[in-house]
């Protein structure tokens, strides 16, 4: 399952948003590459038929040169505090009320 997502560009900065996907197409790569912020679906640690999993989204963010990654659509086993401790400095779990400045 794939979903292209959305990209917002303003004043030389960019943010992309992608949910409900489990693979990355060439069009998606082009859209997300070099973005300053990527808000991405990340349901679980294991592969899922309709949603992204942690290892893949982290690898793709590195490969595409994303500046900051926020993980969204986490299942209940994706503990916020545990993720904060485990994720690289450029990634974090998203949360309700999160505001992102570009």
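Residues that are modelled with pLDDT of 95 or more and surrounded by fewer than 14 Cβ atoms within 10 Å (Cβ to Cβ): does the stretch 35-43 have at least one? No: zero hits. So in the stretch 1-26, with the set limited to residues that are out of contact with any helix residue (DSSP H, G or I) (no Cβ under 9 Å at 6 or more places or on another chain) and assigned to a loop (DSSP other than H, G, I, E, B), which one is modelled with the lowest pLDDT? Per the criteria, the residue is 1. Of all residues in the stretch 84-99, those satisfying the criterion of being crowded, with 17+ Cβ neighbours inside 10 Å and either in a strand (DSSP E or B) or at positive phi (or both) are 91, 93. For the stretch 37-74, a tally of residues being more than 18 Å from residue 20 (Cα to Cα), touching a strand residue (DSSP E or B) at 6+ places or on another chain (Cβ under 7 Å) and in a helix (DSSP H, G or I) returns 0.
Inside the stretch 52-74, residues that are crowded, with 20+ Cβ neighbours inside 10 Å and modelled with pLDDT under 95 make up a count of 1. Taken over the stretch 34-53, the criterion of being more than 12 Å from the chain's Cα centre (by Cα) and closer than 24 Å to residue 89 by Cα is satisfied by 34, 44, 45, 46, 47. No other residue among 77, 29, 81 is exposed (fewer than 13 other Cβ atoms within 10 Å of the Cβ) and assigned to a loop (DSSP other than H, G, I, E, B) apart from 77.
The values are calculated or read from the model by the stated rules, or taken from the named source; none is laboratory data. Note that the structure is a prediction, hence the values are computed from the model and not measured. A quick note on method: Cβ atoms are made from the backbone with ideal geometry, for glycine too, and the neighbour counts reach across all protein chains shown.
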